[in-house]
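For reference, the structure discussed in these notes is given below.
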Amino acid sequence: MRLKLLNLFCGWVVVFPALVTALSVSDVLEIIESIVDCATCHAALIPLQGLALLGDDAFSDVLIGVCDVSGLEDADVCSGLMTRLGPIIAHDLRSIDALDQTAGRLCDALFGFCASKTPNSFTVPLPSPVAPISPPSTPTTRGTPFQVVHISDVHIDRDYTVGSEANCTKPICCRNFADEAGDPITDPAQPFGNQRCDSPAVLSNSMLEALNSFNAKFVMSTGDVVAHDIWLTTQDEVTSNLNDFNSDILSKIKSQMFPGFGNHDVTPVNAFPRNTTTTANVQWVFDLQSTDWEPMIGSAASQQVDHISGSYAAPVPDTNLIILSINTQYWYRLNFWLYDSDTFQPDPNGVLAFMVEQLQAAETAGKKVWIIGHIPPGVSDTTEDQSNYYDQVIQRYKDTIAGQFFGHTHLDQFEIAYSDYSHQTAANAVGVGFICPALTPTSGNPAFKVYDVDPDTYGLMNIRVISANLTDPTFQENPTWSLYYDAREVYGSLVGLPATSELTPAFWHNLTEVFAANETAFQLYNTFLSRGGNVAPCNDTDNCRSNTICDLRALRAQNNCDVDEGLASLTRRTEEGVRKATTSQCEGVEIREIFAEIQRKSKE
Ligand SMILES: *[C@@H]1O[C@H](CO)[C@@H](O)[C@H](O)[C@H]1NC(C)=O
Ligand SMILES: *[C@@H]1O[C@H](CO)[C@@H](O)[C@H](O)[C@H]1NC(C)=O
Ligand SMILES: *[C@@H]1O[C@H](CO)[C@@H](O)[C@H](O)[C@H]1NC(C)=O
Ligand SMILES: *[C@@H]1O[C@H](CO)[C@@H](O)[C@H](O)[C@H]1NC(C)=O
Ligand SMILES: *[C@@H]1O[C@H](CO)[C@@H](O)[C@H](O)[C@H]1NC(C)=O
Ligand SMILES: *[C@@H]1O[C@H](CO)[C@@H](O)[C@H](O)[C@H]1NC(C)=O
């Protein structure tokens with residue numbers, strides 16, 4: 001019956017693309033249950049468009065009802081989340097053709113269908129080199145390396161309350177939630193953090209003080225300051241959270257800081273509208289960070305933050321190095337603002353054009369560049385189009401780019417770029433994206449990275465991961481930050497790295513060869529991902545090991561081996577291991593999971 005109705009709408013849409021349709025919660029449940037592949041997803045968007053035409057409130061109210069029926073989240077979470085994200089999705093549905101490509105992308109973001117590994121072909125305009133570029137030569141003698149600290153995903157919960165319930169039913173716990181008032185506390189929140197909760201401020205301060213002992217030339221932070229209370233965030237809360245962390249940085253860190261935007265550093269979560277959207281903008285957050293970051297990055301770069309949607313380029317004093325901090329959220333699959341137009345927009349808000357301009361200036365001036373951003377370009381969270389275009393940029397400027405650094409997944413990972421992805425060899429490896437583990441204890445032990453950097457090439461000589469052990473009895477009194485592993489020591493010996501060599505892209509490629517050949521070595525990497533806490537098993541069962549290695553060889557999203565198998569593949573957040581949870585750990589909760597739960601329940 002339902003499918004017939006959908007077909008009918010399908011026929012009608014050609015004549016009346018906009019057909020106001022009042023739908024009840026149970027109508028929408030049936031529609032969600034009817035989605036079994038890409039075609040049925042497109043068809044389902046047609047009646048949902050009709051609902052969106054009734055207005056944002058009507059649309060959000062029905063989504064709240066659907067979320068309630070899923071039983072996946074508490075009523076306050078359903079209400080807060082759908083009130084925030086519903087209007088964006090309704091706006092999308094009103095703005096696009098349900099049968100067009102954007103609708104397919106929306107299907108992927110909402111329902112896990114119509115995922116594409118085939119980017120739209122587009123050639124990024126790239127200036128030719130003025131003179132032939134000779135690849136950087138390997139120095140015969142090396143200067144003493146300097147240190148750089150990388151932190152990410154601090155997710156500080158300013159409402160963390162010691163003694164509140166740490167074992168709650170919400171995306172994060174350790175707060176006094178109104179609907180839990182009076183309930184007996186089963187697991188009281190301890191002072192320095194809990195696996196189900198975001199970082200208390202004391203944990204963040206402990207890390208900021210600990211990193212001073214490395215005398216870093218500078219510190220980088222690749223975004224996500226705000227907690228996972230995504231059903232509660234307001235502009236006021238995000239504003240004060242960002243202000244507070246910025247003043248913590250200035251008062252506690254002795255080195256210069258180069259910060260960047262994450263998908264949680266705005267409200268609603270992930271919601272960075274493109275400049276082609278006329279009904280919304282988040283200039284307030286660019287104004288805010290532009291002002292707060294000026295003492296860290298200088299006035300020219302802070303002006304860019306304000307005018308280039310959060311991206312900037314700033315020189316590192318007394319070096320030949322430039323930090324290019326990019327706002328990757330315009331390439332984020334779960335930024336629902338990306339689906340409000342059928343017009344092909346290869347470079348939303350000109351982020352790629354800004355990169356090219358800055359990289360060209362650096363090349364001309366003979367300088368080196370480190371790119372820092374939040375979402376790694378190779379993960380399936382990055383839209384395959386923009387990942388491909390990003391790759392074109394880094395291929396062109398591979399001799400100028402000396403490092404690429406990201407966060408977002410909460411895991412200690414790396415991703416390799418190749419000049420030819422169909423021949424993934426050491427000789428073809430041209431770049432590596434280094435992914436920083438999170439401070440927030442929700443995905444393993446809190447950690448940060450220390451890089452030893454060659455003072456002439458700005459290549460990495462070593463990476464040390466420093467972590468605090470959440471389950472150590474002393475953690476709740478005063479976390480001890482200690483060396484978790486030393487990459488040169490552990491990995492260098494497996495690959496046969498000469499003492500004076502940098503950790504080059506070829507080195508990392510060879511390490512993936514070791515992981516493929518040596519199960520013990522691979523298990524080390526798998527344990528390191530979450531710094532030894534909450535380790536998710538990964539071996540040859542379900543091709544987990546080969547898929548993980550495939551992902552290590554993909555700084556370009558179309559080459560990763562993460563397949564989107566539709567709603568059925570998405571299971572409850574709490575049942576997921578760290579690996580599958582990379583997206584949802586970062587999100588707190590994904591709307592897709594709620595829809596997946598509706599489908600799962602209908603099959604019971
Ligand atoms: C958390 O709560 C659930 C259900 O309320 C219970 O089954 C579980 O044992 C609790 N865990 C801890 C660590 O208290
Ligand atoms: C959006 O930003 C890009 C890059 O800065 C710019 O070229 C374009 O004109 C802007 N579009 C609108 C509608 O403001
Ligand atoms: C953390 O501490 C616990 C308790 O002392 C210990 O069992 C565990 O092995 C430690 N984890 C790491 C990664 O050192
Ligand atoms: C990588 O492995 C290849 C093939 O074994 C070898 O020729 C090359 O020297 C290695 N490179 C590095 C950096 O380890
Ligand atoms: C495999 O890796 C383990 C652990 O890293 C190492 O001890 C061992 O020597 C490696 N085996 C071979 C054959 O290289
Ligand atoms: C292999 O991984 C699976 C999960 O994919 C896990 O259930 C199993 O215990 C693992 N086996 C070993 C020997 O670690």
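On the given criteria, is Gly492 in a helix (DSSP H, G or I) and open to solvent by less than 20 Å² (accessible area, probe 1.4 Å)? Explain how you work it out, then say what you get.
Details: in a helix (DSSP H, G or I): yes; open to solvent by less than 20 Å² (accessible area, probe 1.4 Å): yes.
Judged against the criteria, Gly492 is a match.
Please indicate, with yes or no, whether at least one residue in region 214-224 is in a loop (DSSP other than H, G, I, E, B), open to solvent by 40 Å² or more (accessible area, probe 1.4 Å) and not hydrophobic (A, V, I, L, M, F, W, C). Checking region 214-224: at least one residue is in a loop (DSSP other than H, G, I, E, B), open to solvent by 40 Å² or more (accessible area, probe 1.4 Å) and not hydrophobic (A, V, I, L, M, F, W, C).
Considering region 523-543, the residues that are at positive phi and within 16 Å of ligand 3 (Cβ to nearest atom) include one that is least open to solvent (accessible area, probe 1.4 Å), namely Arg531.
Would you be able to tell me the number of residues in region 86-117 that are polar (S, T, N, Q) and in contact with a helix residue (DSSP H, G or I) (Cβ under 7 Å, 6 or more places away or on another chain)? Let's see the steps before the verdict.
Going through region 86-117, the residues polar (S, T, N, Q) turn out to be 95, 101-102, 116.
The next check asks that each one be in contact with a helix residue (DSSP H, G or I) (Cβ under 7 Å, 6 or more places away or on another chain); those that pass are 102, 116.
Within region 86-117, residues that are polar (S, T, N, Q) and in contact with a helix residue (DSSP H, G or I) (Cβ under 7 Å, 6 or more places away or on another chain) number 2.
In the set (1) open to solvent by 10 Å² or more (accessible area, probe 1.4 Å); (2) within 16 Å of ligand 3 (Cβ to nearest atom), Pro455 fails one condition alone, (2).
If you check Cys114, Cys107, Cys168 for being assigned to a loop (DSSP other than H, G, I, E, B) and either within 16 Å of ligand 5 (Cβ to nearest atom) or touching a Phe, Trp or Tyr at 6+ places or on another chain (Cβ under 9 Å) (or both), only one passes: Cys168. For region 203-213, indicate whether the set of residues that are on the phi > 0 side of the Ramachandran plot, out of contact with any helix residue (DSSP H, G or I) (no Cβ under 8 Å at 6 or more places or on another chain) and either assigned by TED's automatic domain parsing to the domain that holds Met296 or not in a helix (DSSP H, G or I) (or both) is non-empty. Within region 203-213, none of the residues are on the phi > 0 side of the Ramachandran plot, out of contact with any helix residue (DSSP H, G or I) (no Cβ under 8 Å at 6 or more places or on another chain) and either assigned by TED's automatic domain parsing to the domain that holds Met296 or not in a helix (DSSP H, G or I) (or both).
Residue count for region 503-526 under the criterion of being within 27 Å of the chain's Cα centre (by Cα) and either under 22 Å from Asp420 (Cβ atoms) or within 16 Å of ligand 2 (Cβ to nearest atom) (or both): the result is 13. Being touching a helix residue (DSSP H, G or I) at 6+ places or on another chain (Cβ under 8 Å), more than 14 Å from ligand 1 (Cβ to nearest atom), in the same structural domain as Phe448 (by TED's automatic domain parsing) and open to solvent by less than 30 Å² (accessible area, probe 1.4 Å): is that true of Ile151 here? The answer is yes for Ile151.
Scan region 143-159 and give yes if some residue there is away from ligand 6 (no atom under 16 Å from the Cβ), of a type in the set (S, T, N, Q) and more than 30 Å from Thr500 (Cβ to Cβ), otherwise no. Don't jump to the end; show me each part of the working.
Looking only at region 143-159, we keep the residues that are away from ligand 6 (no atom under 16 Å from the Cβ), and these are 143-159.
From what's left, of a type in the set (S, T, N, Q): 144, 147, 152.
Then keep just the ones that are more than 30 Å from Thr500 (Cβ to Cβ); that gives none.
Within region 143-159 (the criterion being away from ligand 6 (no atom under 16 Å from the Cβ), of a type in the set (S, T, N, Q) and more than 30 Å from Thr500 (Cβ to Cβ)), the answer is no, since none of the residues qualifies.
Taken together, the residues in region 504-517 that are closer than 22 Å to His410 by Cα and either within 16 Å of ligand 1 (Cβ to nearest atom) or assigned to a loop (DSSP other than H, G, I, E, B) (or both) amount to 0.
Is there a residue being surrounded by fewer than 24 Cβ atoms within 10 Å (Cβ to Cβ), in contact with a Gly (Cβ under 8 Å, 6 or more places away or on another chain) and not hydrophobic (A, V, I, L, M, F, W, C) anywhere in region 186-193? Yes: region 186-193 contains one or more residues that are surrounded by fewer than 24 Cβ atoms within 10 Å (Cβ to Cβ), in contact with a Gly (Cβ under 8 Å, 6 or more places away or on another chain) and not hydrophobic (A, V, I, L, M, F, W, C). Within region 260-291, the set of residues being outside any loop (DSSP other than H, G, I, E, B) and surrounded by fewer than 21 Cβ atoms within 10 Å (Cβ to Cβ) comprises Gln283, Trp284, Asp287, Leu288, Thr291.
Please pick out the residue among Gly65, Gly80, Gly71 that is touching a residue at least 60 places away in the same chain (Cβ under 8 Å), closer than 22 Å to Ser602 by Cβ, small (Gly, Ala, Ser) and in the same structural domain as Leu23 (by TED's automatic domain parsing).
Numbers: Gly65 fails: touching a residue at least 60 places away in the same chain (Cβ under 8 Å); Gly80 fails: closer than 22 Å to Ser602 by Cβ.
Result: Gly71 is the single residue among Gly65, Gly80, Gly71 that is touching a residue at least 60 places away in the same chain (Cβ under 8 Å), closer than 22 Å to Ser602 by Cβ, small (Gly, Ala, Ser) and in the same structural domain as Leu23 (by TED's automatic domain parsing).
Might you let me know whether region 163-170 holds any residue that is open to solvent by 20 Å² or more (accessible area, probe 1.4 Å) and at positive phi? Checked region 163-170: at least one residue is open to solvent by 20 Å² or more (accessible area, probe 1.4 Å) and at positive phi. Of all residues in region 526-546, those that are under 18 Å from Cys561 (Cβ atoms) have Cβ atoms under 7 Å from Cβ atoms of residues that are at pLDDT 95 or above and part of a helix (DSSP H, G or I), 6 or more apart or on another chain, in Cys538/Asn526; Cys538/Arg545; Cys538/Thr548; Asn539/Arg545; Arg545/Phe522. When region 71-101 is filtered for residues that are in a helix (DSSP H, G or I) and either at pLDDT below 95 or open to solvent by 20 Å² or more (accessible area, probe 1.4 Å) (or both), the ones remaining, listed by number, are Ala75, Asp76, Ser79, Thr83, Arg84, Pro87, His91, Arg94, Ser95, Gln101.
Would region 443-458 turn up any residue that is over 24 Å from Asp229 (Cα atoms) and small (Gly, Ala, Ser)? If you could, list the steps in order and put the result at the bottom.
Step one: of region 443-458, the residues over 24 Å from Asp229 (Cα atoms) are 449-458.
Within this subset, residues satisfying the condition of being small (Gly, Ala, Ser) are none.
Checked region 443-458: no residue is over 24 Å from Asp229 (Cα atoms) and small (Gly, Ala, Ser).
Do any residues in region 476-503 that are farther than 10 Å from Arg464 by Cβ and assigned by TED's automatic domain parsing to the domain that holds Met461 have Cβ atoms under 9 Å from those of residues that are more than 16 Å from ligand 1 (Cβ to nearest atom) and among the basic types (Lys, Arg), where the two are at least six apart or on different chains, and which pairs are they? Close Cβ pairs (under 9 Å, with a partner that is more than 16 Å from ligand 1 (Cβ to nearest atom) and among the basic types (Lys, Arg)) amount to Leu497/Arg488; Thr500/Arg142; Glu502/Arg142; Leu503/Arg488. Only one entry of Thr500, Thr548, Thr520 meets the criterion of being open to solvent by 10 Å² or more (accessible area, probe 1.4 Å), assigned to a loop (DSSP other than H, G, I, E, B) and more than 16 Å from ligand 1 (Cβ to nearest atom), and that entry is Thr500. Condition test on Leu110, is it open to solvent by less than 50 Å² (accessible area, probe 1.4 Å), within 30 Å of Gln558 (Cβ to Cβ) and in contact (Cβ under 8 Å) with a residue 60 or more places away in the chain? So Leu110 passes the test. Quick check on my filter: what residues within region 297-317 are open to solvent by 10 Å² or more (accessible area, probe 1.4 Å) and of a type outside the set (Gly, Ala, Ser)? Matches in region 297-317: Ile297, Gln303, Gln304, Asp306, His307, Ile308, Pro315, Pro317.
The values are calculated or read from the model by the stated rules, or taken from the named source; none is laboratory data. None of these values were measured; they are calculated from a predicted model. Neighbour counts run over all protein chains shown; Cβ positions are idealised from the backbone, glycine included. Heavy atoms of the whole protein, side chains included, go into the accessibility calculation; ligands, DNA and RNA do not. Shrake-Rupley method; radii C 1.70, N 1.55, O 1.52, S 1.80 Å.
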